[in-house]
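First up is the structure itself, then whatever we jot down about it.
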């Protein structure tokens, strides 16, 4: 089936588009085809969402919550099927894929619970004859553009609260993981959403993604992806509310009083889960000189324990990178770091002996300099770059000398020191003594102002509130 657009409640192709073959990063094999849509298909989806919006926003909160639970049940019924396709198309190990699909079920159930408590306020007034109240209303038609690294759960971070709040949605997934997006849409469609409430358009981000974010028929934008693309979307969607979770680059800070075994385990998880293709990955590791060598040895041991291979096979803990672009960037960043004086303790190059060229060795680098691209940019691969620090002040300086501000981790056994880092780190989340990837669905997640890591917060009630307008009503009682 290559008719991969779901518009106005039915599956269809695009007479003005074309079909493209989808290849697995595991071995390069063809695994399906997708509709490579035109702007026309995107505008039709927007029109369908606009037509459906007036009716959907009038559905009671309780009934919308019941629909979210039906969607969760439908996804749960297809969890194994979705996880297998997710592994095949994205490249992550099956255990990680199965976990991700399970979290998407939780995401719809969470939205069903929280939307019932999306409460406004009554506001005291200076005028004794006035009463003022606030309440939340859906923004309207949401344009949602999602990435390939978590192609099931990240869409749900927008779709579940967006629909629960009464919005209708036009969704464009990343081209390299559009087949699993289609499979997710098929599961959602089993919940009998009214036609046009959720629409899926597959194709190039520069075409269909650009159309849905810039078209005046959409009222707001949700996007997770790179900082560069986020900036383009911000310009194209100027004037619309924008909920954006963009790139990150740590840092993880290993202080001289850290529990090194715990720090190495947690940091390695942050480096190698999903082959490092996580916006909160441990991509920049600041290690106190007193413990640097010992920590480097522990990280190398963790890297040696990674089993790289076909992610469909039992025992494999890391699969290939998803696409040629990210593979080239990882190799380029490692090579740049080595040219500037870094040394690979383990790994450092693409892995041979695999059925595609997208496999990269789990890597630990020491001697990484401040100027290296791997320090200044988001690498998005299975690399642990270690940078020596001599003091807390130097850690704060290096942490701030970066355009990203999403998630950081700090390892220390001093509670006072931990709270100082919580206060000073220029990131939206600071995890103490845990992986930088620690997050739960109801926790606010997003970047700091003045950085390139996004605007607003996804997660739980924070996403619900972000995807609504706060409306105020005043009336007289005289």
- [ ] Working only within region 211-234, note down all residues that are over 19 Å from the mean Cα position of the chain (by Cα) and farther than 11 Å from residue 144 by Cβ.
- [x] 211, 214, 215, 216, 217, 219
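Does any residue of region 290-301 turn out to be in a loop (DSSP other than H, G, I, E, B), buried (at least 22 other Cβ atoms within 10 Å of the Cβ) and either in contact with a helix residue (DSSP H, G or I) (Cβ under 7 Å, 6 or more places away or on another chain) or modelled with pLDDT of 95 or more (or both)?
Checked against the condition, which is being in a loop (DSSP other than H, G, I, E, B), buried (at least 22 other Cβ atoms within 10 Å of the Cβ) and either in contact with a helix residue (DSSP H, G or I) (Cβ under 7 Å, 6 or more places away or on another chain) or modelled with pLDDT of 95 or more (or both), region 290-301 yields no hits at all.
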Task: Single unsatisfied condition, residue 162 versus (1) within 21 Å of the chain's Cα centre (by Cα); (2) surrounded by fewer than 23 Cβ atoms within 10 Å (Cβ to Cβ) - done: (2)
- [ ] Name, by its number, the condition in (1) in contact (Cβ under 8 Å) with a residue 12 or more places away in the chain; (2) surrounded by fewer than 14 Cβ atoms within 10 Å (Cβ to Cβ) that does not hold for residue 105.
- [x] (2)
Open item on the list: Condition first: out of contact with any helix residue (DSSP H, G or I) (no Cβ under 6 Å at 6 or more places or on another chain) and surrounded by 22 or more Cβ atoms within 10 Å (Cβ to Cβ). Now tell me which residues in region 362-382 satisfy that.
Closed with: 363, 375, 378
- [ ] Could you identify the single residue in 13, 9, 17, 32 that is touching a helix residue (DSSP H, G or I) at 6+ places or on another chain (Cβ under 9 Å) and either outside the structural domain of residue 199 (by TED's automatic domain parsing) or without any contact (Cβ under 8 Å) to a residue 60 or more places away in the chain (or both)?
- [x] 13
Open item on the list: Would you confirm whether or not region 122-137 contains a residue that is in contact with a helix residue (DSSP H, G or I) (Cβ under 8 Å, 6 or more places away or on another chain) and either modelled with pLDDT of 95 or more or farther than 28 Å from residue 206 by Cα (or both)?
Closed with: yes
- [ ] With the condition kept exactly as written, say whether any residue in region 83-96 is buried (at least 18 other Cβ atoms within 10 Å of the Cβ), in the same structural domain as residue 208 (by TED's automatic domain parsing), at pLDDT 95 or above and within 26 Å of residue 140 (Cβ to Cβ).
- [x] no
Task: Every residue from region 448-478 that is touching a helix residue (DSSP H, G or I) at 6+ places or on another chain (Cβ under 7 Å) and more than 30 Å from residue 424 (Cβ to Cβ) - done: 464, 467
Task: Which numbered condition residue 394 fails, given (1) within 14 Å of residue 270 (Cβ to Cβ); (2) part of a helix (DSSP H, G or I) - done: (1)
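Give me the residue from region 428-437 that is closer than 18 Å to residue 283 by Cβ and touching a residue at least 40 places away in the same chain (Cβ under 8 Å) and, out of that set, surrounded by the most Cβ atoms within 10 Å (Cβ to Cβ). First the steps, then the outcome.
The initial filter retains those residues of region 428-437 that are closer than 18 Å to residue 283 by Cβ, namely 428-431, 434-437.
Keeping just the survivors that are touching a residue at least 40 places away in the same chain (Cβ under 8 Å) gives 429, 434-437.
Values: 429: 22, 434: 16, 435: 23, 436: 31, 437: 19.
Within region 428-437, the match that is surrounded by the most Cβ atoms within 10 Å (Cβ to Cβ) is 436.
Given the condition surrounded by fewer than 19 Cβ atoms within 10 Å (Cβ to Cβ), in contact with a strand residue (DSSP E or B) (Cβ under 6 Å, 6 or more places away or on another chain) and closer than 18 Å to residue 162 by Cβ, answer yes or no: does some residue in region 448-458 qualify? Step through it out loud before you land on a result.
Initially, region 448-458 is screened for residues surrounded by fewer than 19 Cβ atoms within 10 Å (Cβ to Cβ), giving 448-450, 455.
Add one more test, that the residue is in contact with a strand residue (DSSP E or B) (Cβ under 6 Å, 6 or more places away or on another chain), and what stays is 455.
Keeping just the survivors that are closer than 18 Å to residue 162 by Cβ gives 455.
Yes, some residue in region 448-458 is surrounded by fewer than 19 Cβ atoms within 10 Å (Cβ to Cβ), in contact with a strand residue (DSSP E or B) (Cβ under 6 Å, 6 or more places away or on another chain) and closer than 18 Å to residue 162 by Cβ.
Could we say that residue 385 is surrounded by 20 or more Cβ atoms within 10 Å (Cβ to Cβ) and on the phi < 0 side of the Ramachandran plot here? So that I can check it myself, show each step before the final result.
Details: surrounded by 20 or more Cβ atoms within 10 Å (Cβ to Cβ): yes; on the phi < 0 side of the Ramachandran plot: yes.
Yes: the conditions hold for residue 385.
Test residue 320 against the stated conditions and say whether it is part of a loop (DSSP other than H, G, I, E, B), outside the structural domain of residue 226 (by TED's automatic domain parsing) and either touching a helix residue (DSSP H, G or I) at 6+ places or on another chain (Cβ under 8 Å) or surrounded by fewer than 16 Cβ atoms within 10 Å (Cβ to Cβ) (or both). Quick ask: steps written out before the conclusion?
Working: part of a loop (DSSP other than H, G, I, E, B): yes; outside the structural domain of residue 226 (by TED's automatic domain parsing): yes; either touching a helix residue (DSSP H, G or I) at 6+ places or on another chain (Cβ under 8 Å) or surrounded by fewer than 16 Cβ atoms within 10 Å (Cβ to Cβ) (or both): yes.
Against the criterion (part of a loop (DSSP other than H, G, I, E, B), outside the structural domain of residue 226 (by TED's automatic domain parsing) and either touching a helix residue (DSSP H, G or I) at 6+ places or on another chain (Cβ under 8 Å) or surrounded by fewer than 16 Cβ atoms within 10 Å (Cβ to Cβ) (or both)), residue 320 qualifies.
Yes/no matrix, rows are residues, columns are (1) closer than 26 Å to residue 212 by Cα; (2) surrounded by fewer than 20 Cβ atoms within 10 Å (Cβ to Cβ); (3) in contact (Cβ under 8 Å) with a residue 24 or more places away in the chain; (4) over 26 Å from the mean Cα position of the chain (by Cα):
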| residue | (1), (2), (3), (4) |
| --- | --- |
| 40 | yes, yes, yes, yes |
| 49 | yes, no, yes, no |
| 57 | yes, yes, yes, yes |
| 67 | yes, no, yes, no |
| 74 | no, yes, yes, no |
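Taking the condition surrounded by fewer than 24 Cβ atoms within 10 Å (Cβ to Cβ) and not assigned by TED's automatic domain parsing to the domain that holds residue 90, does residue 186 pass?
Details: surrounded by fewer than 24 Cβ atoms within 10 Å (Cβ to Cβ): yes; not assigned by TED's automatic domain parsing to the domain that holds residue 90: no.
Answer is no for this residue.
Would you mind stating whether residue 422 is surrounded by 23 or more Cβ atoms within 10 Å (Cβ to Cβ) and closer than 26 Å to residue 449 by Cβ? Break it down into steps so the answer makes sense when it comes.
Working: surrounded by 23 or more Cβ atoms within 10 Å (Cβ to Cβ): no; closer than 26 Å to residue 449 by Cβ: yes.
Criteria not met by residue 422.
Listed here are the residues, each with its yes/no results for (1) touching a residue at least 40 places away in the same chain (Cβ under 8 Å); (2) within 19 Å of residue 38 (Cβ to Cβ).
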{"site": "204", "(1), (2)": "yes, yes"}
{"site": "211", "(1), (2)": "yes, yes"}
{"site": "214", "(1), (2)": "no, yes"}
{"site": "232", "(1), (2)": "no, no"}
{"site": "237", "(1), (2)": "yes, no"}
{"site": "245", "(1), (2)": "yes, no"}
{"site": "248", "(1), (2)": "yes, no"}
{"site": "257", "(1), (2)": "yes, no"}
Task: Any pair with Cβ under 7 angstrom, 6 or more apart, that starts in region 267-289 at a residue that is without any contact (Cβ under 8 Å) to a residue 12 or more places away in the chain and ends at one that is surrounded by fewer than 24 Cβ atoms within 10 Å (Cβ to Cβ) and assigned to a loop (DSSP other than H, G, I, E, B) - done: none
- [ ] Scan (1) modelled with pLDDT of 95 or more; (2) not in a helix (DSSP H, G or I) for the single condition residue 352 breaks and write down its number.
- [x] (1)
- [ ] Could you check residue 408 against (1) assigned to a helix (DSSP H, G or I); (2) surrounded by 24 or more Cβ atoms within 10 Å (Cβ to Cβ) and say which number it fails?
- [x] (1)
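The values are calculated or read from the model by the stated rules, or taken from the named source; none is laboratory data. Bear in mind the structure is a predicted one, so any value in this text is a computation, not a measurement. Virtual Cβ from ideal backbone geometry, glycine too; neighbours counted across all protein chains shown.
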